[in-house]
Amino acid sequence: MKKLIIILISCILLLSGCWDTREFKEVKLGITAAYDMTEDGVYKNTILIPNVQNSAQGPGKESTQFLTATGNTPSEARTNIDRRLSSTYSPAQLDVLLFGSNLAKQDIYPYVDAYYRDPRMHLDVVPAVVKGSAEQALKVVPKSELRPSEYIEGILDSEVDTTNSFESSLQAIGSELYEEGEDFALPLLQVGDGGKTVSYDGLALFHKSSYTGKDIAFEHTTLFLLMKKQKGKVARITAKIFDGKNPEPVNYTTINIEDFSSKIKSRPDKQNKVRTDIKLDLTVMIQEYPQDHLSLNELPKVKKKLEQALTDQANETISTIQEANSDVFGIGRSIYGHYPSYWKKLDWEKDFKEIEIVPHINVNIRSRGIFR
Amino acid sequence: MTKSDTKQKITLSQLAYIFIQSQIGVDILNLPTVLHREVGADGWISLLIGGVISIFFVLMIVHISRCFPGEGLFDIMKSIFGKTLGSVAGFGYYVYFLVVAIYLLTSFGELINEWLLPETPILVLYALMLICAVYTISGGLTLIAKVFTFFAVILFLISVLFLFGFVDAKFIYMLPIGQASFSDYIEGIRVTLYSLSSYVLLLLFLPYAQGSYKKQTRTLVGANLIVIFFYLYTVIVSFAHFGSDQIDHVSQPVLYMLRTADSVIITRIDIFVLSLWTVFAMTAFAAYLYGAERAFAKIPKSKKKMLNVYTAAIIVLAVSYWSGLNEKNFRVIIDFQDKITEYFTVLIPILLFLLSFLRRKDKKKEAVQ
């Protein structure tokens, strides 16, 4: 009996409290944040905080709150935001992090450092670059959206499904941020329709940790991602396969990629220092062929034209990448991995622009639809 | 048959689990980073070499134990070195076990403080850990064996959760092979061997183990292989996940790579793994505390058992509190541990092994009979 009492008393003493409670009602969670650099070089942080009001029926209506503050570091800006909130602001559940292009062009690392350092932060944040001001993009709240706070996240997510963007997160770009001979790309957004909508605009190419200012155009993202071995739920490419026919749509065809395989091989080369071959095999279905009359005899010709058109697209993308000096395929790292002694002789900063990257695209038309 | 032989017995599988649990301690969380800093992308190779060497040490330990049936580490040392020298060496081991226990406790406190409970006073964390460990070893050898066996399932759980690290892995980061210099390899092997050094503790458990010499050898080598492969797996996952530059900045790569792993049931797998890992930390800590308690019991005369446990616990708690105050103090402990580890885990076992051929007792007994 005595023992039991002692145990009970010690339980009361030990189990009655916790130093590390963080109650949900005491924090305001930011869902999306925008980091900008003003023209005077001052860092500006804008956050979106959703507030859900309870309602008697149906899902609660959501109102959004925007707060902007400046500061020397993200943490200082956060403190300045906090001063205007009734409860504490916490970026621990942030879903999307937008960088204005001005800030991204300098260096993004100082602004994401806290995410890597603080174990409370969620590293699953999707980073994205906004052409122009990120704050402006954040403040776009279309009336038709049920949950305005998830508008931008929704855009990014749906583009992943259609293979125009890929699943990126701060964690995923972490190794590329540090690694030599490897760069990364981030989704690029733009405010359109006179500030009423935000649109996805392609992929922003980075070199080291700064935005190069060059992008992979939206039309080329799918092919680029397929070369990088990434595919969402569906992948569609529209290619121009004829010239000078009337009306204009007749020149084009849209294919649906059902299956693909991609191999990137790099090896030292005497002429261009490094030669990279990208071998991409696509199994496709013709989804749209405005010209009509797609007979079986016609297919080999279409296949040839298609391969030519896709190779042109790929070449265009590759020259953009080389111009931007953004080694998104990790060619440098692969050379270092396979030919370490050769790598030491290279000056990747300069040599990447001069290497030869050759796409080999092979198309296999599996189906042409149910209409002949 | 000596007295202790009849008193307590642990089965072969329990022996294996004791070995596994005392091996996997704090090191598992930062071993990939430490290896990468020393050897670069070749870290896993030096881990393999170090693992093979550790198997030889295990074989040596089993051999020593066979030569002195029924005797624990401290009796063996007295038999080999003589009474005075044996006692000095015994005291040395007492210090060594205490230092390792302090290191384990301080790193545990620091980790939990950084990752999980930043507001909780660190002394409370230490106390909670100590209570668990003291409670485990107060029950004696059989209880330790049972507790360690019970918790072994966590190893498999954690191994499965580590698979999430492969999500963003790129195996190009494992290349190029063979870039590190010879001295780097030696350093990597040394690190590996230290992180597998709990074979010394085996001498405390082996006298009570059932089974023939052959079966014991087989079990322990098997257990050691499990630990080596678990380490190898961890190191490869973290290398492939982080790449060669980022990993040097991340001190607990295993937890770090799970920060984004999202699953349906658990949102933050890193926190979940950390909680599971505390069990490893506790069992390794308890094993070394038990070693210290045994050592203390043998120094002047046998005393009440719980008294030994409490003394060891209080010393560990006090020093851990001091070393947990700031990083400088903690470094002092680590440096001191680094200095003495070599003697107690490499030199003395080798010496014991060599001398055991001269002073062995098992053959003598057979001759008398």
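General remarks:
- In terms of the mean number of neighbouring beta-carbon atoms within 10 Å, the peptides B:216-223, B:34-41 order highest first as B:34-41, B:216-223.
- Across peptide A:332-338, the average count of Cβ atoms from other chains found within 10 Å of a residue's Cβ is 4.
- Peptide packing: for A:240-249, A:131-140, the average count of neighbouring Cβ atoms within 10 Å per residue gives the ranking A:131-140, A:240-249, highest mean first.
- At R0 = 25 Å, FRET efficiency that the Cβ-Cβ distance of A:Asp20 and B:Asn329 yields, to 0.05: 0.55
- Here the label points at B:Val88 and B:Phe182, each 7 Å from Cα along the C-beta direction, are separated by 3.5 nm in the simple model.
- Eligible lysines near A:Lys273 by straight Cα distance, threshold 16 Å, same-chain separation 8 or greater: A:Lys265, A:Lys344, A:Lys345, A:Lys350, A:Lys353
- Largest GNM mean-square fluctuation among A:His293, A:His338, A:His360, using chain A with Cα springs under 10 Å: A:His293.
- Here the simple spin-label model places points 7 Å from the Cα toward Cβ, and for A:Leu4 and B:Val52 these points are separated by 6.2 nm.
- Under 17 Å from the Cα of A:Lys196 - aspartates and glutamates, other chains or at least 8 residues apart: A:Glu135, A:Glu145, A:Glu150, A:Glu153
- Chain A - mean residue ellipticity at 222 nm from DSSP helices (-39,500 (n - 2.57) per run, n ≥ 4, rounded to 500): -8500 deg cm²/dmol
- Residue among A:Gly202, A:Gly41, A:Gly332 with the largest mean-square fluctuation in a Gaussian network model of chain A, springs linking Cα atoms under 10 Å: A:Gly41
- Principal axis extents of the C-alpha atoms in the range A:57-139 (largest first, rounded to whole Å): 48, 28, 25.
- Share, in percent, of DSSP beta bridges within chain A that are antiparallel, nearest 5: 65 percent
- Distance cut-off 19 Å, percentage of C-alpha pairs in the range B:162-224 lying past it: 61 percent
- Rg/Rh ratio calculated on Cα atoms of the range B:35-98 (Kirkwood radius): 1.18
- Residue-averaged [θ]222 nm for chain B, counting only DSSP H segments that reach four residues, each worth -39500 (n - 2.57): -24500 deg cm²/dmol
- The mean number of partner chain beta-carbon atoms within 10 angstrom of a residue's beta-carbon across peptide B:175-187 is 2.
- With a 10 Å cut-off around each Cβ of B:310-316, the average count of Cβ atoms from other chains is 0.
- Counted over the range A:235-372 with a bin width of 10 Å, the fraction of Cα pairs per bin, in whole percents, is 11, 36, 25, 18, 9, 1.
- Segment A:Asp347-A:Gln287, length gained on full extension (0.36 nm per residue, minus Cα span): 17.1 nm
- The protein assembly as shown pair-distance distribution - Cα-Cα, 10 Å bins, rounded %: 2, 12, 19, 19, 17, 13, 9, 5, 2, 1, 0, 0
- In this Cβ point-charge picture (+1 for Lys and Arg, -1 for Asp and Glu), the protein assembly as shown has a dipole of about 4140 debye about its Cα centre.
- Highest mobility in the GNM of chain B, judged by mean-square fluctuation with C-alpha springs under 10 Å and restricted to B:Gly92, B:Gly165, B:Gly43, is found for B:Gly92.
- Estimated distance in nm for a label pair at B:Asp245 and A:Thr38, the labels positioned 7 Å out from Cα along Cα-to-Cβ: 3.3 nm
- Distant alpha-carbon pairs in the range B:1-83 (separation over 16 angstrom), percent: 70 percent
- Debye equation applied to the C-alpha atoms of the range A:317-357, log10 I(q)/I(0) at 0.13 Å⁻¹: -0.24
- Nearest 10 degrees, 0 to 90: helix B:43-67 Cα axis against chain B principal axis: 10 degrees
- Two-decimal Rg/Rh across the range B:8-362, once Rg and the Kirkwood Rh are taken from alpha-carbon atoms: 0.96
- Length added when fully stretched, A:Thr70-A:Asn246, from 0.36 nm per residue minus Cα-Cα: 57.8 nm
- Working from the Cα coordinates of the range A:21-219, the gyration tensor eigenvalues give, after taking √(5λ), semi-axes of 26, 21, 16 Å in decreasing order.
Values quoted throughout were computed directly from the atomic coordinates according to the rules given, and no laboratory measurement underlies them. All figures in this text were calculated on a predicted structure; none of them were measured in a lab. Neighbour counts are summed over all protein chains in view; Cβ atoms, including those assigned to glycine, are modelled from backbone coordinates with ideal geometry.
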